[in-house]
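A.B. asks: For reference, the structure I am asking about is given below.
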Amino acid sequence: MWIVPLLLSSACKKPEAPEGPPDPYDVQIGPYQVDVRTTSYGIPHILADDIGSAAYGMGWATARDHLCTLADQFVKIRSERARYFGPGEDNRHIDEDFGWLGLGIVAQAEEGFLSLPVDQRDTLVGFTAGYNRYLSEADLDPRCAGAEWLAPITHIDLLAYYLHLGQLASGLNLIREVGNAAPPGLRRATTAPPPPLSILEPFRELPIGSNGWAIGSSRTSNGRGMLLSNTHFPSQGELQWWESHLTVPGVVDVYGVSLIGSAIINMGFNEHLAWTHTVSNTPRFIVYALELDPADSTRYLFDGSYVDMDRETYEIEVLQPDGSRVSQSRVLYRTQWGPVFNAPLAGWSPVAAYSWRDVNAGNLGLLSSFAGMNQATDQASFEASHRDHQGIPWVHTMFADADGTVMYLDSAATPNLSPEAEAAYAAFVEEDTIAGLFADYGLVVVPAEDPVYTWVEDPAAAIPGAVPYDRAPRLVRDDFVSNSNENHWLSNPLEPLTGYPMLYGPTGTPRRPRTKMNNRYLLETDGASGPDHRFSLDELEAAALSARASLAEDLVDQVVERCAGTSTVDVELDGAIHTVDLTEACGILAAWDRRSGLDSRGAHLWREVVGAELNVETDLVDAGRLFADPFDPSDPIYTPSVLSEGPSVMEDLAVAVIRLGEAGQPLDAPLGEIQYALRDGQRYPRIGGHYIEGLISIATYDGTDHTMLPFETQP
């Protein structure tokens with residue numbers, strides 16, 4: 001263990017500003033005093049007497065561990081990628097720089113900073129000062145040391161970064177389409193064509209996810225609460241977790257993880273309670289289809305009249321091949337709901353365009369919500385942090401306290417549509433082609449001209465136009481709650497949740513294999529929790545690492561039986577007919593332990609079977625190519641479970657054999673030999689597999705990385 005005391009005894013302040021509106025940049029910096037003690041695995045333990053000093057330590061320690069990754073993100077949100085890295089492939093940096101300006105996150109941070117509670121302002125200023133303190137030291141990460149783009153930041157930059165993270169499930173995924181949108185009468189030479197529908201894929205299934213279990217007093221060996229936080233965020237890039245322990249005596253003493261750059265613990269525990277999050281696919285924004293004025297494509301119909309779009313000219317600098325920089329400007333447009341964007345398939349035509357309203361745009365409650373959870377002492381104060389601020393942007397929450405109460409929430413900010421709007425949308429999505437196509441990806445498109453789609457402003461909501469906390473999905477139990485990225489319905493199958501607003505998603509519908517596996521662990525009377533049906537810590541850890549998979553448990557025995565009557569299969573692949581001998585593959589599946597552990601032989605073969613020709617949205621959850629029986633909402637955890645008749649599964653097994661052969665992978669290789677993380681030239685075997693298999697232990701390659709750093713070299 002080594003100890004780094006950080007002391008800054010002098011107070012700093014910008015020169016007095018002239019009379020006028022308050023300047024959000026004019027802040028008191030320090031004095032700060034904090035101890036940062038780094039223990040095994042590089043975990044910083046941060047101790048200070050006040051919130052500002054604790055945040056100062058967080059900023060310093062974060063920069064020590066992730067300076068280059070975080071510094072790169074400040075370049076991004078300040079719209080300076082093109083300034084330092086040039087236009088980018090197909091003008092990507094230019095488009096994204098303008099996109100961030102169009103989203104207005106820096107302007108929102110400037111406007112909102114002074115409205116924050118004092119402790120949150122102290123947090124932002126302190127973290128920034130600690131980050132800048134580390135930046136002033138000599139021994140910096142060589143990947144960015146000396147780079148022109150490595151520069152001190154302001155607390156406004158930090159707040160803007162948090163506002164950008166709040167739109168991870170919404171505007172962040174369409175940032176380029178905001179930056180390159182242009183009306184047909186004012187096309188630029190660089191105007192992009194409408195993008196393909198595939199850019200909407202992150203809305204159907206964000207490339208990040210998690211499992212969370214909260215186990216209550218009736219199901220734990222000690223009668224107290226237990227929590228399993230099993231998150232699946234990238235191990236590299238800006239979305240990786242950073243572990244720390246934060247203490248301000250008498251105020252907060254919390255241990256957990258945060259997205260790098262966060263000055264507050266995002267998931268963790270204190271002496272009273274623990275919580276975790278899983279990504280929620282509830283829509284965070286509504287797309288408005290604009291009917292345009294035939295005489296002017298920057299005017300749109302609303303409530304019987306044409307309305308002018310707002311327009312603003314933005315300017316960025318672009319690095320040239322010779323090292324010089326040139327200024328480039330674009331006019332971007334907004335409606336009363338938000339930015340106009342270059343919509344997939346539809347673009348911006350003379351008669352139609354698309355805008356959106358995001359419930360998390362400018363959501364300043366994020367810091368207060370997480371600070372409230374960090375400091376909560378009981379269920380009531382924990383819930384108050386959600387109810388009073390609604391700053392949780394896009395996640396479910398699982399909670400357990402020391403008394404053994406457990407709770408599930410989907411308290412993340414959600415648009416509040418009236419029942420009339422929900423009914424109108426049900427009809428519109430059936431008749432409008434674009435709305436139907438977007439709905440397949442989880443996006444809600446409504447006609448802008450109809451005021452019925454105006455969001456309802458409930459006085460009980462902390463965010464105007466959001467569903468108030470007390471109308472969001474919530475379940476309190478003493479046995480368990482869980483979530484694995486699907487909606488609220490089966491948070492506990494013994495008490496299904498129904499009757500919530502449309503945007504929270506349907507109930508009584510097929511569930512994915514991972515939801516089934518999570519609930520099997522928790523429902524089984526003589527399974528992971530042992531014969532007493534109560535989890536000990538050892539049993540909970542063993543369950544998390546057991547690498548069971550619901551599809552394998554349901555079907556592999558039946559596939560092996562089917563193998564008994566099949567030795568070879570003819571299958572068409574890549575335009576050719578292949579005759580495949582299945583003898584070896586069938587034998588491997590028969591001997592497989594049905595898990596995806598390091599020593600499991602057959603796990604990768606089965607993964608190729610279920611990933612061969614199957615539609616993951618339909619075939620894995622209902623009757624079709626894989627299953628003979630349909631999903632039964634009265635038995636949602638164990639249906640469907642009967643192998644489909646016909647040759648399709650044997651053909652899929654044949655395809656798996658061919659593909660593994662082409663990849664040079666032995667069919668009987670232990671999973672740990674072919675599935676690993678590569679760091680510094682070393683292989684680190686990984687258990688688990690793909691979410692489609694019904695595993696809770698997820699091990700997939702995730703290209704989610706919005707940095708300019710070489711992916712494989714990040715710490």
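A.B. asks: Under a crude label model (7 Å from the Cα following the beta-carbon direction), how far is residue 450 from residue 426 in nanometres?
C.D. replies: Each label point is offset 7 Å from its Cα along the Cβ direction, giving 1.3 nm.
A.B. asks: Using R₀ = 51 Å, calculate the FRET efficiency as 1/(1 + (r/R₀)^6) where r is the Cβ-Cβ separation of residue 388 and residue 591; round to 0.05.
C.D. replies: Calculated value: 0.35.
A.B. asks: Take the alpha-carbon centre of region 212-260, take the same for region 151-166, and report the distance between them in whole Å.
C.D. replies: About 24 Å separates the Cα centre of region 212-260 from the one of region 151-166.
A.B. asks: Hey, another quick one. Expected output is a single nm value to one decimal: the length gained when fully extending between residue 583 and residue 677, i.e. 0.36 nm times separation in residues minus the C-alpha distance. What is it?
C.D. replies: 30.7 nm
A.B. asks: At 1.4 Å probe size, with every protein chain present, just tell me what the per residue accessible area of region 308-433 comes to in Å².
C.D. replies: 37
A.B. asks: Tell me the mean residue ellipticity at 222 nm calculated for the chain from its helices only (DSSP H runs of n ≥ 4, each -39500 (n - 2.57), averaged over every residue, nearest 500).
C.D. replies: The helix contribution divided over the chain gives -8000 deg cm²/dmol.
A.B. asks: Here is a follow-up. Nearest 0.05, what FRET efficiency do residue 325 and residue 574 give at R0 = 41 Å with Cβ-Cβ as r?
C.D. replies: Taking R0 as 41 Å, the efficiency between residue 325 and residue 574 is 0.30.
A.B. asks: Further question on the same structure: Give me the accessible area of residue 231, 1.4 Å probe, in Å² rounded to the nearest 10.
C.D. replies: Taking all protein chains as shown, residue 231 has close to 40 Å².
A.B. asks: Which value, in Å³ per residue, describes the convex hull spanned by the Cα atoms of region 30-89?
C.D. replies: Given the Cα convex hull of region 30-89, per-residue volume reads 100 Å³.
A.B. asks: Taking chymotrypsin sites (Phe, Trp or Tyr not before Pro) as exposed when DSSP calls them loop (any state but H, G, I, E, B) and at most 13 other Cβ atoms lie within 10 Å, what is the longest stretch of the chain free of them, the sites themselves excluded?
C.D. replies: The longest uninterrupted stretch comes out as 26-700.
A.B. asks: For region 237-344, compute the orientation-averaged projected area of the C-alpha convex hull (one quarter of its surface), in nm².
C.D. replies: 13.8
A.B. asks: To continue, here is another question. For Cα pairs less than 8 Å apart in space and 6+ apart in sequence, what is the mean separation divided by the residue count of region 56-103, i.e. the relative contact order in percent?
C.D. replies: The normalised contact order for region 56-103 reaches 29 percent.
A.B. asks: I've got another one for you. Once percent of Cα pairs over 38 Å apart is worked out from the coordinates, which option in [x] 41; [y] 49; [z] 38 does it equal?
C.D. replies: So the structure-derived entry is [x].
A.B. asks: Ok, one more. In debye, nearest 20, what is the charge dipole magnitude of the chain about its Cα centre with +1 on Lys and Arg Cβ and -1 on Asp and Glu Cβ, if you could check?
C.D. replies: 1160
A.B. asks: Still on this structure, please answer the following. Mind listing which GluC sites (Glu not before Pro) in region 573-671 are in a DSSP loop and have 16 or fewer other Cβ atoms within 10 Å?
C.D. replies: Filter output for region 573-671: 613, 617, 645.
A.B. asks: On the protein heavy atoms, probe 1.4 angstrom, tell me the percent of accessible surface of the chain carried by carbon and sulfur.
C.D. replies: Looking at the chain in its full context, I get 51 percent from C and S.
The values are calculated or read from the model by the stated rules, or taken from the named source; none is laboratory data. This structure is a prediction, so every number in the text was calculated from the model and none was measured. Note: ideal-geometry Cβ built from the backbone for every residue, glycine included; neighbour counts use all protein chains shown. For accessibility, only protein heavy atoms count, side chains too; no ligands or nucleic acids. Shrake-Rupley method; radii C 1.70, N 1.55, O 1.52, S 1.80 Å.
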